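Please read the structure below before turning to the comments.
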Amino acid sequence: MHISIHYLFIKASLSGIAPQAGVRPALARDRRPCAYNARMTKTPTLPIEVRGSAKHPLGMSPAQFLRDYWQKRPLLIRNAFPNFTPPIEPNDLAGLACEESALSRLIVHDEKRDRWNVKVGPLSEDDFSKTPAANWTLLVQDVDKWDADVAALLESFRFLPSWRVDDIMISYAEPGGGVGAHVDQYDVFLLQGLGQRHWGISDDPAAPKDFRDDVELKQLKHFEPTHEWLLEPGDMLYLPPGVPHDGVAFGGPCMTFSVGMRAPSRAELTGDLADYLAERLPDELRYTDADLTPVKAPGEIDRATLVRLKQALPFAAALDDTLLTDWFGCFITRYRNAQVPAHPEKPLTEAALQKLLDGGAQMLRHPWARTAWAKGKVGATLFVSGHAYPAPAALAEQLCDQRVLAFDKKPSVADRAVLLALINDGHLLPQKPRRR
Ligand code: SIN
Ligand code: CO
């Protein structure tokens, strides 16, 4: 493959760009497991395949597409972009893949041994000269940021909020090339640009989503397509998040333009909102307990604590009490800890613990082990220096209450399991009884 230096001049006009920390070059879209969209039910009256036209690239009005397909079910649009000619040449894509700040990957599939080799860019001419005759693909993300002609494709997606659009990723593949069966967390429009690509998808909501653990790519262990199509230039496949799919270049060189949508996870939204709010809260606004009355069980995180917490965190008021307690228990026993106990060099065995207890051993709580506990629906949770241990309530209370633990009656099996875990995490130090 000849590599064009076309992008050098674009680069010059993009001075000052730096890859954002934490931006992960993805092969296809982010492929973490997700719950299949529950709304994606099969409705026999809605076709999975339609024909588009210059006037209707979606084969229907945007309103109809959004109502019936968007985030709900896959749709193949034949002839979505009539007489489509790719706005970028394969050689220019390869040239871009060699740019320092472009996100690119070269994936070669050894079909016989089913091994996948992934080379992360920036790529070099040498990488391309070593590619086999078939079964490889090049993927470059964010091509719309580098190439105005590619960016112009986004005009056709103006019916979506512009901030939902992430990027246009382009793949170039030789016959047999692809990234393997996977699921994406994104809505994606896969526009066939050059040559043909065979697509298999599964619209079965119960399709398994577990990953192969022998491949660096997050490929599906099992994939049974419910639909298969051969896409020609101008055909476009829309996939909502969570639909297993596999696209393989067929017959000759193949380019696919994948318009991916940005959809932050709830975890990302929550994390960022928490940071945002935290930055705006003055230091003097704190957890307060001016209403405190003498406590009976000193380590307990009780109902009154939860009420005070919800006053301090009004946006957390709707959270489930167990979740809030669990978080607070871990947080408060980790908060302002200068040290954490180290693990013992050699873990104690159950038999050795039994022997120690039979011999009347006491347990010293490590001075740096900070503890709390909370009653649960069954039993309790003991929190020690940021860790949660399910524990019998009486033992949890005793552990928080006493610096040195002695046992009047034989600890139960459940007690011993907690004691062993705490000893092996370094929070409890067994003291052999002194010989008289
Ligand atoms: C995708 O499956 O998301 C796109 C992969 C490709 O273009 O090869
Ligand atoms: Co994909």
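The values are calculated or read from the model by the stated rules, or taken from the named source; none is laboratory data. Model, not experiment: these values are computed from the prediction. For neighbour counting, all protein chains shown are included, and Cβ atoms are generated from backbone atoms with ideal geometry for every residue, glycine included.
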| task | Output the number of residues of segment 207-250 satisfying the condition of being touching a Pro at 6+ places or on another chain (Cβ under 6 Å), over 22 Å from TRP70 (Cβ atoms) and away from ligand 1 (no atom under 13 Å from the Cβ). | result | 1
| field | Subset of segment 248-279 (residues that are within 16 Å of ligand 2 (Cβ to nearest atom) and either of a type in the set (S, T, N, Q) or in contact with a Cys (Cβ under 9 Å, 6 or more places away or on another chain) (or both)) | value | VAL248, THR256, SER258
| Within segment 414-428, is even one residue surrounded by fewer than 17 Cβ atoms within 10 Å (Cβ to Cβ), outside any helix (DSSP H, G or I) and assigned by TED's automatic domain parsing to the domain that holds PRO341? | no
| request: Could you tell me whether segment 356-368 includes any residue that is within 30 Å of ARG308 (Cβ to Cβ) and without any contact (Cβ under 8 Å) to a residue 60 or more places away in the chain? | output: yes
| Only one of (1) modelled with pLDDT of 55 or more; (2) crowded, with 19+ Cβ neighbours inside 10 Å fails for ARG29. Which number is that? | (1)
| task | Being in a helix (DSSP H, G or I), under 38 Å from the mean Cα position of the chain (by Cα) and of a type in the set (A, V, I, L, M, F, W, C) is the filter here, so list the residues in segment 330-379 that pass it. | result | CYS330, PHE331, ILE332
| said: I'd like to check something: does segment 139-151 contain any residue that is outside any strand (DSSP E or B), touching a residue at least 12 places away in the same chain (Cβ under 8 Å) and under 22 Å from the mean Cα position of the chain (by Cα)? | reply: yes
| query | Looking at segment 229-277, which of the residues that are of a type in the set (S, T, N, Q) and within 24 Å of LEU154 (Cα to Cα) is surrounded by the fewest Cβ atoms within 10 Å (Cβ to Cβ)? | reply | SER265
| message | Take VAL188 and tell me if it is at pLDDT 95 or above, within 24 Å of the chain's Cα centre (by Cα) and within 14 Å of ligand 2 (Cβ to nearest atom). | response | yes
| Considering residues of segment 192-211 that are in a strand (DSSP E or B) and within 13 Å of ligand 2 (Cβ to nearest atom) only, the residue surrounded by the fewest Cβ atoms within 10 Å (Cβ to Cβ) | GLY200
| request: Restrict the check to segment 119-129 and report whether at least one residue is part of a strand (DSSP E or B) and within 24 Å of the chain's Cα centre (by Cα). | output: yes
| said: Restricting to segment 79-101, count the residues that are part of a loop (DSSP other than H, G, I, E, B) and buried (at least 16 other Cβ atoms within 10 Å of the Cβ). | reply: 9
| message | Anything in segment 159-185 that is closer than 22 Å to ARG73 by Cβ, in a loop (DSSP other than H, G, I, E, B) and either of a type outside the set (Asp, Glu) or more than 16 Å from ligand 2 (Cβ to nearest atom) (or both)? List them, or say none. | response | PHE159, LEU160, PRO161, ALA181, VAL183, GLN185
| request: For residues that are crowded, with 17+ Cβ neighbours inside 10 Å and basic (Lys, Arg), scanning just segment 212-228, find the one that is nearest to the chain's Cα centre (by Cα). | output: LYS218
| Is at least one residue of segment 100-107 within 15 Å of ligand 2 (Cβ to nearest atom), touching a helix residue (DSSP H, G or I) at 6+ places or on another chain (Cβ under 7 Å), closer than 26 Å to GLU224 by Cα and not hydroxyl-bearing (Ser, Thr, Tyr)? | no
